[in-house]
Every structure is written in C-alpha cells, then in structure tokens.
1. State the number of residues belonging to the range B:214-231 that are crowded, with 23+ Cβ neighbours inside 10 Å and out of contact with any Asp or Glu (no Cβ under 7 Å at 6 or more places or on another chain).
2. Report the residue count in the range A:221-255 for those that are within 26 Å of A:R155 (Cβ to Cβ) and not small (G, A, S).
3. Having 1 or more residues that are under 15 Å from the mean Cα position of the chain (by Cα) and of a type in the set (S, T, N, Q) is the bar; report the helices (runs of 4 or more DSSP H) wholly within the range B:41-111 that clear it.
4. Quick one: A:F55 ticks every box in (1) touching a strand residue (DSSP E or B) at 6+ places or on another chain (Cβ under 6 Å); (2) surrounded by 24 or more Cβ atoms within 10 Å (Cβ to Cβ); (3) not basic (K, R) bar one, so which box is it?
5. In the list A:A151, A:A129, A:A164, which residue meets the criterion of being within 11 Å of another protein chain (Cβ to nearest Cβ) and modelled with pLDDT of 95 or more?
6. For the range A:20-41, name all the residues that are among the aliphatic types (A, V, I, L, M) and within 12 Å of chain B (Cβ to nearest Cβ).
7. Regarding the range B:23-32, can at least one residue be identified that is part of a helix (DSSP H, G or I), in contact with a Gly (Cβ under 8 Å, 6 or more places away or on another chain) and within 23 Å of A:A76 (Cβ to Cβ)?
8. Yes or no: B:E275 under 18 Å from the mean Cα position of the chain (by Cα) and more than 14 Å from chain A (Cβ to nearest Cβ)?
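The values are calculated or read from the model by the stated rules, or taken from the named source; none is laboratory data. Owing to the predicted nature of the structure, the values given are computational and were not obtained by experimental measurement. Methodologically, a virtual Cβ is constructed for each residue, glycine included, from the backbone with ideal geometry; neighbour enumeration extends over all protein chains shown.
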There are 2 protein chains.
Amino acid sequence: MRDVAIIGVGMTKWGELWEKSLRTIFTETALLAIADAGVDKIDSMVVGCMSSGLFVGQEHLSSLLADYLGRTPVAAARVESACSSGGLALRQGFIEVASGMSDVVLVGGVEKMTDVTGCEATYALGTAADQEYEGYHGLTFPGLYAMMAVAHMHRYGTTREQLALVAVKNHDNGSRNPLAQFPFKITVEGVLNSVLVADPLRILDCSPITDGAAAVVLCPADMARKMKKPVVRITGSGQATDTIALASRKDLTWLESTHIAAQKALAMAGRKVDEIDLFEVHDCFTIAEIMVTEALGLVEKGRGGRAVEEGLTARGGRFPVNPSGGLKAKGHPVGATGVAQAIEVVKQLRGEAGDRQVKGARRGLTQNMGGTGGSSLVHVFEAE
Amino acid sequence: MRDVAIIGVGMTKWGELWEKSLRTIFTETALLAIADAGVDKIDSMVVGCMSSGLFVGQEHLSSLLADYLGRTPVAAARVESACSSGGLALRQGFIEVASGMSDVVLVGGVEKMTDVTGCEATYALGTAADQEYEGYHGLTFPGLYAMMAVAHMHRYGTTREQLALVAVKNHDNGSRNPLAQFPFKITVEGVLNSVLVADPLRILDCSPITDGAAAVVLCPADMARKMKKPVVRITGSGQATDTIALASRKDLTWLESTHIAAQKALAMAGRKVDEIDLFEVHDCFTIAEIMVTEALGLVEKGRGGRAVEEGLTARGGRFPVNPSGGLKAKGHPVGATGVAQAIEVVKQLRGEAGDRQVKGARRGLTQNMGGTGGSSLVHVFEAE
C-alpha cells in the first residue's frame, strides 16, 4: 500500500444556511479544497452523507455532486455510516489512493439539515438508532445519550458540572474558529440553567443541527512531496462496529467500537496514544467526549469527567481535545463532521490554526462515530 | 494491486417479502455467501443500499447489519449510488481486497421496498433524479425513461415491438431462474396490451418493486486457489458519472457513463467486448437494455432494438444479455441488483446456472446504473 497525504482542505462557515442548497455548500468546499491542493484533475470522489434522502429528498449524490462540481464523468461514490459518514469517506478515499486505484481523490462530507422542521430532523437523526427496537419505542438520541450519562454518573461519580465543562471548553476553543456555527464562549452556569432536553442533558450539552460541508484532497505522499506542498500523511485508519441498539451492549459506559478503531489506527501508524499532540473527537453530547477520552486511552475508565475538570483536555493541556470547538461549538452537519475533523488536524499540523493553534503539533488523531457508537472511525495524521 | 476473486455467493428468492425485514433478508443472503465461501472470518463488510432511510426509516446499516450478522466489531460500510449501489459496493470491496487493506470482504446489497405505498416507493426512487430540476416538476423514472425511449424511436426507428421483445426475452430467461420474482414467460402481445405507464412504456416494460438482497465474498485470488475453490476473478472495474438531470445531457439516446465505465473495466481486464461470453445489464426499463447494448459496444449506435429482434442478445445468441432474467423478471431491489448481477455471472462461469446456463462461458460482464445513467459501474469477471 502507498503512503497517502492530504494536500488540500476546504471548508466554509457552518450554520443555518437557508439561502444555500446541499449541492451549493458541497461544491463551495470542494472548489476550495481543489484550489488549496493546486491540482487540475481529480480521479475519483468519495462523499460522506448520512441522510440526504430524509433531509432534502435527494439520493444519488455521486452523480449530483460530480455534476455540479463540473467533473463528470469522474468516478464518484457516496458512503454512509450515520454521523461517522465523513470519517468513512476519508477511509474509503485513503484505501483508494493507497491501493493505487486512483492518484488524486476528493473526499467530502455534507449535510443539509435545516430545510426540515425540528421534529423531522430528530426523526432523520433517529434513523441512526435501531428503528425496530429503539425508534419505535420513542427513543431519540438525546434520550439514548442521557441514559449513557446517567450510567456513567452512577458508576464513576461523573458530575453534572463536569459535563458542562466539556461544553465550556469546546465553546472557548470554538470562539477562536471563525467557521464555527457558534463562535462564542459559554459558562458552566449557562449550561446548568439551559433548557432540559433529556435528564441530565440540557440544550447546551447537545451539538446543534447544522448545514455544512467539508472537503479534502488526497494523493500519494510521493506526489505531494514533488508538488512541494506541506505534507500531512494519514498514517493510520481504523474502523469498527458495535451493536446498534444500546440495550444490546455489555456496558453502557464504554465505547467499544471507538476503542477498537483507535487500537487499529494507532497500530497501523506504529504509534502510542501519548505520542499524539491533539485530538478531534465526536462530542455530539458532552458525555460522548468524556467517554471517548476514556475509549481512546487518554485517561483510565471512569476518569473522563475529572480529566476535563483538571484541564487535561484543554487547548494548552497534556491532550488537547477539540481545539476546533468540536461538534458542540463548530456545529454538526452529520455527514461532514468526520471530514471537518481531518481539516482541523491538517490546519494544526501545518501551523495554520491561528489563535487556537496547539503549539508544536506534529501528530493528530480524529475520532468520528455513528449513533451511540454503533460505528467508529479513527485516523492518525502526521506532519513531515 | 492484488488479484481479487469471488469465492462465495448467496441469494434468496426475491419478491414482496412482507414477512421479513431488511435486516432479515440481508442476513439470510450473507450467511449463504459466507457458507458458500467456506470462511470463518470476515475482515470487512461493504453493503450497497439506495434508500433505507425513505423505505424503512433506517440508516446506519453498517452497524445494523454487522450486528445482526453477529459480526461486530467488524469494519462495515454502506455505499449508495442510487440503483447502482450494489455495483458500487462490489467496486469498494474489490479495491479493499486489491489494496491489501483487508483479505476477506463480504459485499452485499439490499433493499426493502414494499413496506411503503406505491406512491411512497415512487417518491423514494425519484430521489435518484435531480430533485430540484426534475422531481419538483413531477417527473418520475417511468417518465424520464419514456422520454429516452421516444427520442430513440424517433432517431433510430426503434419500434414498440422491439421494446416488448426485451421483456419477452428476459422473462423467458427468468422462467428458468427459481429465485426470480416473476419466473414466468410473457408474450409481445401481453406487453403491448399491458397498462400504459408513461407513453410509450407499459407496465411490462418496467422492472418491478422488489424486496431482496444478495451477497458475495471476496478474497485475494491466491487465497482462493489455496482453498481449492472454483476461482472467478474480478479482472476489471470501471466507474463513471454523467449529469444527473436528463435535460443537461448532450444526447438523450446515449448512455455516456456506461460507455466510459465499460471502456475502463475492459481496459483494466485487457479484454475487448467481443471476448466476453455473457452480460448482466441494467434493464430497469426495456429501453434501458437497448441503450446499454449500444453503450457497451455490442452493437452500433441505434442498433440495439434490431439486436434483440435478431436474437443477438438471446441466451443462445452471440452476446447473451441477462440470462438471469434481468431486472425485469428477476426483480429490482435497487441496492441489491448490482451484487445479484455478479452472482449470476459467477454461477454461469462456475457452470452452475442450471437450465439457463450459457454454454462454455468463461468471461462475463456486469453493468449497473443509477438514475437515467447518472452513474454506471461495470465489472469484468473471468474463470480460471
């Protein structure tokens, strides 16, 4: 397999983009990524999107997006793994370049979520859970993650304030990210007084509904070096699944799919987790980030709450987590999130992250998951 | 890149399977394919499905299907390219094995289409067209293909009877396929007197709404040889896109994406089309098969109608097309079709196709397309 590099990134401001359609927001970011890469030709496209069928009544994104990008007859694929669709797109693009099948692959992610009502969006997102055993009983994702939070609090003594601190940290980071949907700071008091969604989770524990896209260009590392581009290699890719229904899990407080995907990605990269300088992880709810830090091995089981309290995961801490602002502040257009995580890591490793730069960052890791952890994708990136 | 073989196939009878859910029909075929392959372990799964979100309110098939197959934490992906989702799954699995990323990959396709009303199914299928420029004006697929048929009849003199003969041929083949949804013969008169859907297309020109799944197991060809399995290699894979909206095409009577995908697949295999012994192609409507035979180069432009009339594409003809019965008789669970095409080719190349066997078949080709040809996947298979 060939070494693979990311040579271009593209992203526009995320939010409620009512004046733009799915095809527009995808195409804008794809053009930025292609321009950043400085390539004329792309051999293939892979786009992650969770549910354009339910959100905008449009499938067949392979043809639609190749067409609107003006790139037909390019080979194009759409991949889906719920909220980890972007991470899956990155993995498929990585495999395609590594295999020698294609040299230059555009990897994108997109979701247009605000063209439907809140109830419709909640239903569409709920299709990432087991429809027959969870959805039909009325469970939606705030409820599922609330159960995980209650279990974690009960077993490990994780506190309501520790959950809030995840959101406060990520908004502090996001206040330095001009592309974030909510680029402002919040307080612990603000989180604790925000409206209750599913006890113990309040609205400021939840990532928002977002329109957005993100794109990167991959090529063989040798080609990137010849082009004299800053070379950020993808050195590890790990993917794993877990039972889709929470009720089937052995342990509500443990993200097995993330744990396994991380082990695979780190093994491929030949790295240990403490050699990584920054982490972009899937904080769809505050409890998720706490559980992810444990599953990645940044802290012991049950210590994720204390880790954020002690500043371990702050931008200047030992393991900076979500310097971009995370899903919480940056927004969470579900199919785009995994690709945007990679963009933040590339910007950090290039030293282009402005006043949210993690000093001296040379290695980064992304963790993107679907549902309550039914699927996880982990990637490791290294600057040369 | 490594040589890739198909070592296991699995399919159950297609039809209106009201007593089974999506997860059930997928799992049944996957278990058959794994048993046929004789493997214990699979490294990865890729599943093609067009619109489980709209048909059964379920996304996140990667986790769902790995779970119900009892294979978590296996890496799993769902891919979508409208009605060519199955072909896309085959290509992604092929690349994954060829790259060395995985050794044993389960490739499946599935669609559960009859749990909704006919109107809802038509809407869901319509999301393969351009929603903003085709769907919102009321166009659905029978209408889009009817326009292509009218253009082809006008330019080339293709007749109403020639269209009917495609359906008659495919039902004749399908009458010998016990897994087909409609395993019986029909007549030209029957087609011409069937209810009009979108002039000139009648109901017996249209492939049906179907529940079904199909699965194959891929591995490196070297591994297949060591296992002493009959080795059918995938020697070529081609993929291309075209404009999603019919109005943007230069020529309504020509399937450019199929033409390019076929050229790529044949070039990879080092074959010319006249070296291929049988073809499984995407006859979603009778006019589609006529246009596909032209785009593949089996006949000159405009001669597809005469080809079927002259028996060129019959089971005993020079270029047997759709010995399985095609989408028309076998059924068309949209995400599964591309995988089922590969299964028919494997059965034919193994000499296991019963009384629809194409004698002495050593090489086969599949062509699977999305929408009105906005995406096409072509694969070449060769027996050793």
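1. First, pick out the residues of the range B:214-231 that are crowded, with 23+ Cβ neighbours inside 10 Å: B:214-219, B:224.
From what is left, the residues that are out of contact with any Asp or Glu (no Cβ under 7 Å at 6 or more places or on another chain) are B:214-218, B:224.
Going through the range B:214-231 one residue at a time, the tally reaches 6.
2. Total satisfying the criteria: 12.
3. On the way: elements: B:52-56, B:61-68, B:85-99.
Because the criterion is at least 1 residues that are under 15 Å from the mean Cα position of the chain (by Cα) and of a type in the set (S, T, N, Q), the helices (runs of 4 or more DSSP H) in the range B:41-111 that meet it are B:85-99.
4. It fails just one condition, (1).
5. Numbers: A:A151 fails: within 11 Å of another protein chain (Cβ to nearest Cβ); A:A164 fails: within 11 Å of another protein chain (Cβ to nearest Cβ).
Just a single option satisfies the conditions, and that option is A:A129.
6. Initial filter on the range A:20-41 (among the aliphatic types (A, V, I, L, M)): A:22, A:25, A:30-35, A:37, A:39.
Listed by number, the list holds a single entry, A:L22.
7. No, the range B:23-32 contains no residue that is part of a helix (DSSP H, G or I), in contact with a Gly (Cβ under 8 Å, 6 or more places away or on another chain) and within 23 Å of A:A76 (Cβ to Cβ).
8. On the way: under 18 Å from the mean Cα position of the chain (by Cα): no; more than 14 Å from chain A (Cβ to nearest Cβ): yes.
No, not satisfied.
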